[in-house]
Amino acid sequence: MAAHLSYGRVNLNVLREAVRRELREFLDKCAGSKAIVWDEYLTGPFGLIAQYSLLKEHEVEKMFTLKGNRLPAADVKNIIFFVRPRLELMDIIAENVLSEDRRGPTRDFHILFVPRRSLLCEQRLKDLGVLGSFIHREEYSLDLIPFDGDLLSMESEGAFKECYLEGDQTSLYHAAKGLMTLQALYGTIPQIFGKGECARQVANMMIRMKREFTGSQNSIFPVFDNLLLLDRNVDLLTPLATQLTYEGLIDEIYGIQNSYVKLPPEKFAPKKQGDGGKDLPTEAKKLQLNSAEELYAEIRDKNFNAVGSVLSKKAKIISAAFEERHNAKTVGEIKQFVSQLPHMQAARGSLANHTSIAELIKDVTTSEDFFDKLTVEQEFMSGIDTDKVNNYIEDCIAQKHSLIKVLRLVCLQSVCNSGLKQKVLDYYKREILQTYGYEHILTLHNLEKAGLLKPQTGGRNNYPTIRKTLRLWMDDVNEQGFCSLIISQNPTDISYVYSGYAPLSVRLAQLLSRPGWRSIEEVLRILPGPHFEERQPLPTGLQKKRQPGENRVTLIFFLGGVTFAEIAALRFLSQLEDGGTEYVIATTKLMNGTSWIEALMEKPF
Amino acid sequence: MDCYTANWNPLGDSAFYRKYELYSMDWDLKEELRDCLVAAAPYGGPIGLQSAPSCWTVLCQDRVAHILLAVGPDLYLLDHAACSAVTPPGLAPGVSSFLQMAVSFTYRHLALFTDTGYIWMGTASLKEKLCEFNCNIRAPPKQMVWCSRPRSKERAVVVAWERRLMVVGDAPESIQFVLDEDSYLVPELDGVRIFSRSTHEFLHEVPAASEEIFKIASMAPGALLLEAQKEYEKESQKADEYLREIQELGQLTQAVQQCIEAAGHEHQPDMQKSLLRAASFGKCFLDRFPPDSFVHMCQDLRVLNAVRDYHIGIPLTYSQYKQLTIQVLLDRLVLRRLYPLAIQICEYLRLPEVQGVSRILAHWACYKVQQKDVSDEDVARAINQKLGDTPGVSYSDIAARAYGCGRTELAIKLLEYEPRSGEQVPLLLKMKRSKLALSKAIESGDTDLVFTVLLHLKNELNRGDFFMTLRNQPMALSLYRQFCKHQELETLKDLYNQDDNHQELGSFHIRASYAAEERIEGRVAALQTAADAFYKAKNEFAAKATEDQMRLLRLQRRLEDELGGQFLDLSLHDTVTTLILGGHNKRAEQLARDFRIPDKRLWWLKLTALADLEDWEELEKFSKSKKSPIGYLPFVEICMKQHNKYEAKKYASRVGPEQKVKALLLVGDVAQAADVAIEHRNEAELSLVLSHCTGATDGATADKIQRARAQAQKK
């Protein structure tokens, strides 16, 4: 059981259990001892579904990483390849199988495609003469993986690039399939809203697939009231800005991978007196971050400015709780104290960890450069000087700051100005090519193709209209880069997650729920791609009669990725007392500006 | 040898056949060959003779089939490997041959009829005798079959002669019937069917429930309930008496159950009805009697009565029906093309559409497509009208059937109705409608399916046609491009060429310049091609940049030759830095000028490089060469980064007023910073300085600031 998945309005453990069952069923099909050969990319996501113990229960004795040449020796009856359906992986598998020692004990080969079987890959295996070697060739439709009580991700790294650059809709197809699986478990979603070209495609596929499956009438009472499909390219701005929530900053600075973060170990060294700081651990400290940890659940979505006070409050409560022991006089009292100890110790450990993390982050956020960068970002987002070459960016290039940082800023400026003047754009590009190397011309092309970097066409800047209509910039929130303490502790608007900027994507969701998109038709027309609404009729018996005061549940699917700050903003909306809507978030990939730009970069050597 | 070809016989014009003797066989055969079973193996194998068995049957034990064979007085058991003689236990003596044998429906029991008119009944394993009977008829029976009922302990065998039918079992007496006509026995699960030219009958052991109820003077609860109900209909008070009697014994539930069960075993609807009425009547006096059994029995009987109707003629008993399952019954109706009845049954039983109505409609449609005299349009329309969007109907199965009958056009029309593209595509490919398959695959959004069709098309069409097809399908084209990017780079280039996509061609050659070429000339040539393509794409910027890159590459090559060291593939910026670090300032200047590096960046670059070298003298000279376009704060910062406070202070004094406080704080001169801030009367600067005041050392300064603040507030 993963308890934190069942806290939310929608019990995502149902999904987790369903995919676990499917995995067990497959493993049991291959009777006897097994070794799994992993496509390395899959191990992270699989960790969220099934720990090694589950595999072990089903006689998995060895695990290898997929690589060329001969398979490592393993005295097992079955070798199972867990792979994504990619041609290059098929070539490696074929190499493995062909170099299998014929004199050794014969082993059965199986292949499990994640998330979908592919005729193309099987054809390749056939061409390589090994298709017949596999006894079971199956697919494991692990599309949406539950990350938290309200969060699902496909963890498909290339999704944005494939969809918006390469015209490859494979991940949209998987997304549609994943949504069908969700509907099979949680009921048909009666209303679908969407904005963007990809959203339209996914909705079309869903409607089509529903027709294909008409035979199996879904008789589950619908859990979700709405589905909102959003293209990432409707809101290219948000991920480019630096996230300022606690979780967002951890991700910006250290990168969260499959809910784990690796941190520099120094701050986590056990503090022993007289130890003089020797034997510092050298291996990065790996921590799992999800709402199973009480404290983390409380602070993850807060503006970083508000985290410190929560931590110190907690520290006081915990030490007070430990002091209680002096008051415990009777045996009964002592017993009660002791029974609470494990919980208290866990809380103390968690507090210590987060205090260390907060210190690490504070080192970064209090640096002058961070402040300067934030100032520039906020100027851009509030529409100041977006149409000329920015000094800070120039200086960053001149000092050869990380290219990704520079690209994030230039793209941000371009997006906040609906494209840059040709002269400004060419200047930036030239500076970047001269400083970082001409090979980056390919990366620049990619960014242009994705619309992140573009010349302004028609000489019109639409961003101010969008900003004003959607109230993307809240001036009163802003103070010294971060929000003022009062607002960051008691935010009244989603703009607290970026200390002033309200993420466009989330604002669209908010306006959809109240008062509806009709009020912003004009802006919707400016944003790329069509907006639409579809209804999926329900049998009369399944139509919901909402109790007064009962919130609607909206599943919001970000096609092309979502940031932790956006998630925080949606959680904020869910918790609003008179919000009326609770959100469950799904995405192709959990990402931030850095990982996003990185995926779009192309290094020819 | 008179004429060698004498035994040659012509067959047609060109072939002859002949036959000659191998041996003269002078056997001492007692029987004629026709009385024997003959076995001979090829390759000159031996010949085996066995006098023909008088009778034989197939036994089945533990999933292995055996043959039981009677030859004269002996019984043999054969399996795939061996033959062994067996003797049934307790077989009466004097048998000289077996005339008939019969295996029960369940393969558990075996009966043997001997020439002495004796019947042995036992287990099929031949290990146990159940009973025996002597009928004293020596004439070989026409047929002998078991008559038993599931879960009954009674065992009986029915033996038929020309005009006589005898039921024998573990009893001294037998039952005898006279047969008026030639009859034939069909063993069933729960009895024996007997049919002749004019009749069709069923012989079986009366089921327990029926026996209990209808046995004369039975006092079983079911019997009393039936009686009670009859009296009730007559409006007699006896109904109450019977009912009380049952209730006093607490057997009402049992009574109802008995009546329901007995109804199932009745063939006549009238009798079924009266039993069900009795059950219904009894139910009224029960508080909690689950209604399922009653309801299901009513439904089942309705179905059974429908198929028992002589128009349909499937005389199933209730037990047979339950064993057979409704699915199989439906299949049989479908195979006999009794579609309407099958659909009515499905609808009546409310079977899920996928298992029920849809399946039958699909079968009907498969039959329909075979009607060759109807036009394609009419068939397709008729099928769609009936099937519509009925869930679970596989139009592709129907289409496959149509294709199988050679009606390709009809198949395509039918496929139009198929909602699952995954199903449409393979059949379309099989029918060589690849282009149609392609658009169907694209519609589905399943990229794997699209790829499959694409690779199929690629083999089927010539290159030109293939490319043309792609051109009309942008999604397929971009997928194929992705495929080529990883698998067939050359084709990718051709694709871009065909589309005049010069921008992508340019990028393609840029990539190629890194991937394929080692030599500098080759790389430059590839870049030149790229630049040309960019020009064609009207992307002047990219073209110029690429030309710059070529220039830089050549230059780097020259630098490596002249100065040694590593220059290739450094960025322009890094090349200049490397030159400065190597002390080649002149060359650096020249390069910066050639490539028009903006002044500001060049200053940063030099500043960073000189600080890295810790060449403070040169740095100072540089700072004084002209007014710094980046101000002097960076100089302070970079010196402090190298921990050179002395040098830093030199520049701090030159920093402009706006950044002065910052600079002074950087070099640690808090007091002066305070003075400047106070002079500026800048609140932000004041608090910045204040935050740098540490404890004792800057106490005085802090006080000074506070005072200045207080003063400012007074004003």
Handout entry: Contour excess over end-to-end distance, with Cα ends at A:Asn461 and A:Ala315 and 0.36 nm allotted per residue
Key = 47.6 nm
Exercise for the section: For A:Lys34, list the lysines whose Cα falls under 16 Å from its own Cα; do not include residues on the same chain fewer than 8 positions away. Expected result: A:Lys56, A:Lys62, A:Lys77
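Listed here are the pairs B:Lys650/B:Lys704; A:Lys161/A:Lys544; A:Lys161/A:Lys262; B:Lys386/B:Lys440; A:Lys388/B:Lys641; A:Lys161/B:Lys536; which of them are more than 28 Å apart at the Cα?
Working: B:Lys650/B:Lys704 26 Å; A:Lys161/A:Lys544 39 Å; A:Lys161/A:Lys262 26 Å; B:Lys386/B:Lys440 24 Å; A:Lys388/B:Lys641 31 Å; A:Lys161/B:Lys536 26 Å.
Exceeds cut-off: A:Lys161/A:Lys544; A:Lys388/B:Lys641.
First measure r as the distance between the Cβ atoms of B:Val58 and A:Arg137, then evaluate 1/(1 + (r/R0)^6) with R0 = 45 Å and state the FRET efficiency to the nearest 0.05.
Values: r = 40 Å, r/R0 = 0.89.
With a Förster radius of 45 Å, E is 0.65.
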Problem - Cα-based Rg of segment B:69-155 normalised by 2.2 N^0.38 Å, two decimals - result: 1.07
Exercise for the section: Note down the accessible area of A:Ile494, probe 1.4 Å, to the nearest 10 Å². Expected result: 0
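Please work out how much length the chain gains when fully extended from B:Glu181 to B:Gln327, using 0.36 nm per residue of separation minus the C-alpha to C-alpha distance, in nm with one decimal.
Numbers: separation 146, 0.36 × 146 = 52.56 nm, distance 3.60 nm.
Extra length from B:Glu181 to B:Gln327 when fully extended: 49.0 nm.
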Handout entry: Cα→Cβ-extended label distance, 7 Å offset, between A:Thr375 and A:Lys362, nm
Key = 2.3
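Suppose accessible area is computed on protein heavy atoms with a 1.4 Å probe; arrange B:Lys215, A:Lys267 from highest to lowest. Don't skip to the end; give the middle numbers.
Details: B:Lys215 115, A:Lys267 65 Å².
From most accessible down to least: B:Lys215, A:Lys267.
Show me the trypsin sites (Lys or Arg not before Pro) within segment B:1-107 that DSSP assigns to loop and that have at most 15 other Cβ atoms within 10 Å of their Cβ.
Working: sites: B:Arg18, B:Lys19, B:Lys30, B:Arg34, B:Arg63; in loops: B:Arg18, B:Lys19, B:Lys30, B:Arg63.
Loop-located and lightly packed - B:Arg18, B:Lys19, B:Lys30, B:Arg63.
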Exercise for the section: Starting from 0 in steps of 10 Å, tell me what percent of the Cα-Cα pairs of segment B:440-599 lands in each bin. Expected result: 10, 30, 24, 17, 11, 7, 1
Practice task
Taking just the C-alpha trace of chain A, give me its Rg and Dmax in Å.
Solution key: 25.9, 81
Practice task
With a point put 7 Å past each Cα toward its Cβ, work out how far A:Leu538 is from B:Gln528 in nm, to one decimal.
Solution key: 7.0
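If the viscosity is 1.567 mPa s and the temperature 4 °C, what translational diffusion coefficient in µm²/s does Stokes-Einstein give for segment A:450-605 when Rh comes from Kirkwood over Cα pairs?
The Stokes-Einstein estimate is 72 µm²/s.
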Exercise for the section: Using only the Cα atoms of segment A:165-248, construct the convex hull and provide its projected area averaged over every direction, in square nanometres to one decimal. Expected result: 7.2
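Could you tell me what fraction of 2.2 N^0.38 Å the Cα radius of gyration of segment A:359-503 comes to, as a two-decimal ratio?
Numbers: Rg = 16.1 Å, N = 145, 2.2 N^0.38 = 14.6 Å.
Taking N as the residue count of segment A:359-503, the ratio is 1.11.
Could you tell me what % of all Cα pairs in segment B:499-585 have separations over 21 Å? Write down the numbers at each step before the final one.
Numbers: 1309 of 3741 pairs.
Of all Cα-Cα distances in segment B:499-585, 35 percent exceed 21 Å.
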Problem - Cα→Cβ-extended label distance, 7 Å offset, between B:Glu245 and A:Glu266, nm - result: 10.2
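R0 = 56 Å: FRET efficiency of B:His643 with A:Glu324, Cβ-based, nearest 0.05?
0.65
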Completion exercise
A chain fully extended from B:Tyr367 to B:Glu488 at 0.36 nm per residue, minus the present Cα-Cα distance, gains in nm 38.8 nm
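Express the Stokes-Einstein translational diffusion coefficient of segment A:521-585 in µm² s⁻¹, to the nearest whole number, given a Kirkwood radius over alpha-carbon pairs, 20 °C and a viscosity of 1.002 mPa s. Write out the running numbers ahead of the final one.
Details: Rh = 14.7 Å.
For these conditions, the coefficient is 146 µm²/s.
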Handout entry: Modelled FRET efficiency - R0 60 Å, B:Ser174 with A:Arg518, Cβ distances, 0.05 increments
Key = 0.10
Completion exercise
Long-range alpha-carbon pairs in segment A:1-52, meaning those over 15 Å apart, account in percent for 57
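Two decimals is fine: what's Rg over Rh for the protein assembly as shown, C-alpha atoms, Kirkwood radius as Rh? Before the final figure, lay out the partial values.
Numbers: Rg = 44.5 Å, Rh = 40.2 Å.
When Rh is taken as the Kirkwood radius, the ratio is 1.11.
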Problem - Column: log10 I(q)/I(0), Debye, Cα scatterers of segment A:32-99, q = 0.29 Å⁻¹ - result: -1.35
Exercise for the section: Determine the alpha carbon to alpha carbon distance for each of A:Lys373/A:Lys405; B:Lys283/B:Lys322; A:Lys210/B:Lys368 and list only those over 21 Å. Expected result: B:Lys283/B:Lys322; A:Lys210/B:Lys368
Handout entry: Percent of C-alpha pairs per 10 Å bin, segment A:6-145, short to long
Key = 11, 44, 33, 9, 3, 0
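Is there a quick way to get the dipole size of the protein assembly as shown? I mean about its Cα centre, with the Cβ of Lys and Arg at +1 and of Asp and Glu at -1; what is the value in debye to the nearest 20? Write down the numbers at each step before the final one.
On the way: 162 positive and 174 negative charges, 600 e Å.
So the dipole magnitude of the protein assembly as shown works out to roughly 2880 debye.
Residues with beta-carbon under 13 Å from that of A:Val497, excluding A:Val497: net charge, scoring Lys, Arg +1 and Asp, Glu -1? Walk me through the numbers on the way to the answer.
Values: positive: A:Arg300, A:Lys302, A:Arg507, A:Arg571; negative: A:Glu247, A:Asp251, A:Glu252, A:Asp301, A:Asp493, A:Glu566.
My count for the surroundings of A:Val497 gives -2.
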Practice task
Could you bin all the Cα-Cα distances of segment B:653-715 into 10 Å bins starting at 0 and give me the percent of pairs in each, rounded to whole numbers?
Solution key: 24, 57, 18, 1
Handout entry: Cα convex hull of segment A:370-445 - mean projected area over all directions, nm²
Key = 4.5
Exercise for the section: Take the Cα atoms of segment A:98-245, find their three principal axes, and give me the spread along each one in whole Å, biggest first. Expected result: 58, 43, 29
Completion exercise
Extend 7 Å from the Cα of A:Gln345 along its Cα-to-C-beta direction; within segment A:292-324, residues with backbone N under 18 Å of that point are A:294, A:318-324
Practice task
Quick one: work out Rg over Rh on the C-alpha atoms of chain B, Rh as Kirkwood radius.
Solution key: 1.32
Problem - Positive-end residue of A:Ala184, B:Trp120, B:Pro426, charge dipole of the protein assembly as shown with Cβ unit charges - result: A:Ala184
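Over the Cα atoms of segment B:396-477, compute the convex hull volume and normalise it per residue, giving Å³.
Values: hull volume 6.6 nm³, N = 82.
It comes to 81 Å³ per residue, whole-number rounded.
The values are calculated or read from the model by the stated rules, or taken from the named source; none is laboratory data. It should be emphasised that the depicted structure is a prediction, and the values quoted were computed from it without experimental measurement. We place every Cβ from the backbone using ideal geometry, glycine too, and count neighbours over all the protein chains shown. What goes into the accessible areas is simple: the full protein's heavy atoms, side chains included, and nothing from ligands, DNA or RNA. Shrake-Rupley method; radii C 1.70, N 1.55, O 1.52, S 1.80 Å.
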